[in-house]
Amino acid sequence: MVTKSDKKLAKNHYHHGDLHSSLVGAASVMLKESGIDGLSLRKLADKVGVSRTAPYHHFKDKNELLCAIAEQGFKHWQENATRIFHQKDLSPREKYRQFIRGYIAYAADNPELYDLMFGRTIWKQNTATADLRNVAYPSFNQQVEMTREWQNLGVMPKTEDTLRLAQVTWGTLHGIARLLIDGIYADRSHIDEMCECAVNLFTADSQSAKT
């Protein structure tokens, strides 16, 4: 329920140029609560407490709003990945383990957002905005650079092409995330074991042990 104080705060945000971030934040909550079908610019305006035309000053349609939500999701994940990669109290291999578990946890905790970030709603229809592409593509490039660094540190096999190794690693993580989100593996203990298996498969120690 939107109270009078909420509406006043929203209007103050609008006057200070913060309505865009307020709309994206509120829309992210609505997405988590009711999915893509339950989200509209009209409902969003009501939730934030502004006129029903106000959101159209920031998003020309629902697709642009969805792209903005996905863009924020990529930014948050990049921040998480960067934090994990630069933790000074962890060994390189433990950072890699934390990265894998962090990725799966992010997807599990934000299933609707994850679907939007990587699903067909935006990408299959080729309706991604330039702002979203400018965040999504560097997000994967970040993983490629992290993979290269893990190879240099001896964590991941140096004999594999960096790009292909990053692609296969991401494909594996995406598959695990989908199994969890879709309810195929509802038991989180199974996911934990899969994550550990992925760590063992993609690290150099397990590779050298097999050769």
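The values are calculated or read from the model by the stated rules, or taken from the named source; none is laboratory data. Owing to the predicted nature of the structure, the values given are computational and were not obtained by experimental measurement. Using ideal geometry, Cβ is built from the backbone for each residue, glycine included, and neighbour counts are taken over all protein chains shown. For the accessible areas, the whole protein counts, side chains as well, though only heavy atoms, and no ligand, DNA or RNA atoms are used. Shrake-Rupley method; radii C 1.70, N 1.55, O 1.52, S 1.80 Å.
Any chance you could count how many residues in the stretch 97-109 are in contact (Cβ under 8 Å) with a residue 60 or more places away in the chain and closer than 14 Å to Leu179 by Cα?
Residues in the stretch 97-109 being in contact (Cβ under 8 Å) with a residue 60 or more places away in the chain and closer than 14 Å to Leu179 by Cα: 4 in total.
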**Q.** Hits in the stretch 197-211 (condition: part of a helix (DSSP H, G or I) and at pLDDT 50 or above)
**A.** Cys197, Ala198, Val199, Asn200, Leu201, Phe202, Ala204, Asp205
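Name the single residue that is nearest to Leu153 (Cα to Cα) among those in the stretch 70-93 being among the basic types (Lys, Arg) and open to solvent by 70 Å² or more (accessible area, probe 1.4 Å). Even if it seems obvious, please write down each step before you answer.
So the first thing to find is which residues in the stretch 70-93 are among the basic types (Lys, Arg), and the list is 75, 83, 88, 93.
Next, from what is left, pick out any that are open to solvent by 70 Å² or more (accessible area, probe 1.4 Å): 75, 83, 88.
Numbers: Lys75: 26, Arg83: 18, Lys88: 14 Å.
Here the answer is Lys88.
Select from the stretch 21-60 the residues that are outside any helix (DSSP H, G or I), touching a helix residue (DSSP H, G or I) at 6+ places or on another chain (Cβ under 7 Å) and closer than 24 Å to Ala136 by Cβ and list them in ascending order.
Step one: filter the stretch 21-60 for residues outside any helix (DSSP H, G or I), giving 35, 39-40, 49-53, 58-60.
Okay, now just the ones that are also touching a helix residue (DSSP H, G or I) at 6+ places or on another chain (Cβ under 7 Å), so 35, 39-40, 49-52, 58-59.
Passing the criteria: Gly35, Leu39, Ser40, His58, Phe59.
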Q.
One residue is enough: does the stretch 122-131 have a residue meeting the conditions within 19 Å of the chain's Cα centre (by Cα) and of a type in the set (Gly, Ala, Ser)?
A. yes
Q: Considering only residues that are without any contact (Cβ under 8 Å) to a residue 24 or more places away in the chain and of a type in the set (Ser, Thr, Tyr), look in the stretch 124-148 and name the one that is surrounded by the most Cβ atoms within 10 Å (Cβ to Cβ).
A: Thr147
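Does at least one position in the stretch 35-42 carry a residue that is surrounded by 14 or more Cβ atoms within 10 Å (Cβ to Cβ) and within 30 Å of Cys195 (Cβ to Cβ)? So that I can check it myself, show each step before the final result.
Kept after step one, since they are surrounded by 14 or more Cβ atoms within 10 Å (Cβ to Cβ), are these residues of the stretch 35-42: 36, 39-41.
Filter once more, so that each one left must be within 30 Å of Cys195 (Cβ to Cβ): 36.
The answer is yes; a qualifying residue exists.
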Q) Of the residues that make up the stretch 61-74, is at least one more than 16 Å from the chain's Cα centre (by Cα), part of a loop (DSSP other than H, G, I, E, B) and closer than 15 Å to Glu145 by Cα? A) no
Q: Output the residues belonging to the stretch 162-184 that are buried (at least 20 other Cβ atoms within 10 Å of the Cβ) and of a type in the set (Val, Ile, Thr).
A: Thr169, Ile176
